[in-house]
1. Kindly evaluate residue 160 against the criterion of being buried (at least 16 other Cβ atoms within 10 Å of the Cβ) and away from the ligand (no atom under 16 Å from the Cβ).
2. Here is a list of conditions, (1) within 16 Å of the ligand (Cβ to nearest atom); (2) acidic (Asp, Glu); (3) within 16 Å of the chain's Cα centre (by Cα); (4) modelled with pLDDT under 95, and residue 16 meets all of them except one; can you say which number that is?
3. Could you please give the count of residues in the range 81-135 that are of a type in the set (S, T, N, Q), away from the ligand (no atom under 16 Å from the Cβ) and surrounded by fewer than 22 Cβ atoms within 10 Å (Cβ to Cβ)?
4. Working only within the range 73-121, note down all residues that are touching a residue at least 60 places away in the same chain (Cβ under 8 Å) and closer than 13 Å to residue 60 by Cα.
5. Out of (1) within 13 Å of the ligand (Cβ to nearest atom); (2) surrounded by 16 or more Cβ atoms within 10 Å (Cβ to Cβ); (3) closer than 30 Å to residue 87 by Cα, the odd one out for residue 210 is which?
6. Identify all residues within the range 171-198 that are closer than 17 Å to residue 225 by Cα and touching a Lys or Arg at 6+ places or on another chain (Cβ under 8 Å); write none if there are none.
7. Check off (1) over 15 Å from the mean Cα position of the chain (by Cα); (2) under 30 Å from residue 136 (Cα atoms); (3) open to solvent by less than 30 Å² (accessible area, probe 1.4 Å) for residue 36 and give me the number that stays unchecked.
8. Looking only at the range 32-57, count how many residues are more than 12 Å from the ligand (Cβ to nearest atom) and either modelled with pLDDT under 95 or farther than 21 Å from residue 104 by Cβ (or both).
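The values are calculated or read from the model by the stated rules, or taken from the named source; none is laboratory data. Here the structure is a predicted model, which means the values were calculated and not measured. Cβ placement follows ideal geometry from the backbone for every residue including glycine, while neighbour counts extend to all protein chains displayed. Side chains are part of the model used for accessible areas, which takes the heavy atoms of the whole protein and leaves out ligands, DNA and RNA. Shrake-Rupley method; radii C 1.70, N 1.55, O 1.52, S 1.80 Å.
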Amino acid sequence: MAVEAAADAEDLDKMERCSNGRRLTLQWHITSRCNLRCKHCYQDNYENPELDFNNLLGIMTQYLELLTALNRKGHINFTGGEPFLREDFFDLLRECKKHASLFSFGILTNGTFLNKEVVEKLRILQPDFLQVSIEGDEETHDAIRGSGNLKRVLNALKLLSEFGIKTLVSFTAHRDNYKSFPKVVELCRKHKVFKVWTDRIVPFGAGEALKQQVLSPEEVWSFLL
Ligand SMILES: C[S@@+](CC[C@H](N)C(=O)[O-])C[C@H]1O[C@@H](n2cnc3c(N)ncnc32)[C@H](O)[C@@H]1O
């Protein structure tokens, strides 16, 4: 569910890049390492073996071949785990920039590594957007993602906005947090977020412990309306 309306045709095209529209989207989990242990996370293993840089380049080559064969433009969403934990992440993004006419890219991150130096480097690489996750008001968010985390995410949004990088916010809904969604939207408006995205929790991995917190059909209706 997208909360903010797209302003014009160009914005609509950009929204489609991150929501499986006309562009062929690759959601690419480049690492399972993460510095957070979110209560709802679909991962419960943060140490899966990783592909090395050459293997990542091989995947990118295959993706480019697929786009050419299908005569389509693409979009890559880098995710994890936490993508900024990969030491070669910026090298990979530099490779993406070389193919900017064929595919755009966005990054799904917990926002904790986004300081001024990192955001400055990102701006040069022209990502389509950065998506951070917000799970509720400060108390709710920090209970799910760890103490002091909301302040870090809001600081990241502020920096991204200062550097002219488009921001998206993801909200994963369950019984413990869905009532604070309006607060999240309010925060997003204040921080000039382009789009707020929400999905329901999939009780999987660490998130299996929240099985009883999955929204009932009635709660889904009250959440959506
Ligand atoms: C797995 S995270 C990876 C990117 C980054 N580390 C982050 O925290 O946003 C990507 C998105 O998946 C969501 N997510 C994690 N576990 C989930 C689950 N069990 N069901 C639905 N969404 C989930 C997160 O809240 C986040 O918005």
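1. So residue 160 fails the test.
2. Condition not satisfied by residue 16: (1).
3. Matching residues across the range 81-135 total 3.
4. 92, 103, 104 - these are the residues of the range 73-121 that are touching a residue at least 60 places away in the same chain (Cβ under 8 Å) and closer than 13 Å to residue 60 by Cα.
5. Single failed check for residue 210: (3).
6. Answer for the range 171-198, where residues must be closer than 17 Å to residue 225 by Cα and touching a Lys or Arg at 6+ places or on another chain (Cβ under 8 Å): 172, 173, 174.
7. (1)
8. Looking only at that region, the number is 10.
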